[in-house]
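Participant: The structure that follows is given in the form of structure tokens.
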Amino acid sequence: MPNLITRGAIQEMLTAALAAWPNECLGYLIGDGGRAIHAASEVNALTDSHAVYLDPAREDRLKRAVALLWHPSEVVGEWHSHPYRTRCDAALQPKLSRTDRESSPDGLLQVIASVFPRSGAPEAVGDVDVTDLSHVVRAWVRHGGRFRRVQEI
């Protein structure tokens, strides 16, 4: 199976996820024919116990930026980060939550970029050098209500 997400898009997601760590961030995957070429990101995402999302003004700005920068490309997916404080926490992830599954439209890529320290748990956020963070990126596509993993990095 061909890679549906280019190295450039993966690098853009990871750059945003590292910039936001230990907080979550999210964005859109931009491309053509279902293949993601770019990742448009917003590092100032809001979270609650079930979801990561943007306030309406930030979401509108992100959508306008996508239209301006990558027209006539299309949104081929959505992505968000899962920041973890330890490698053990990250070993169980990334996986789609119930909210992710319920809100995912058919045919769009759904990607989670997990970011975590390579070594022990930090005492505080400031104790982690971003060069000591590692990552796992997984992608799924939903067809007919069923999810199929299509790529892992």
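Read the figures in this text as sums done on the coordinates, not as results from a lab. Since the structure is predicted, the reported quantities are computational estimates derived from the model, not experimental observations. Here Cβ is always computed from backbone atoms with ideal geometry, including for glycine, and neighbour counts include all displayed protein chains.
Participant: What FRET efficiency, computed as 1/(1 + (r/R0)^6) with R0 = 35 Å and r the Cβ-Cβ distance, is obtained for residue 143 and residue 11, rounded to the nearest 0.05?
Facilitator: 0.80
Participant: Let me ask something additional. Students often check this: by mean Cβ neighbours within 10 Å, which of 58-67, 18-27, 136-145 ranks highest, and how do the rest follow?
Facilitator: Ranked by mean Cβ neighbours within 10 Å, highest first: 18-27, 136-145, 58-67.
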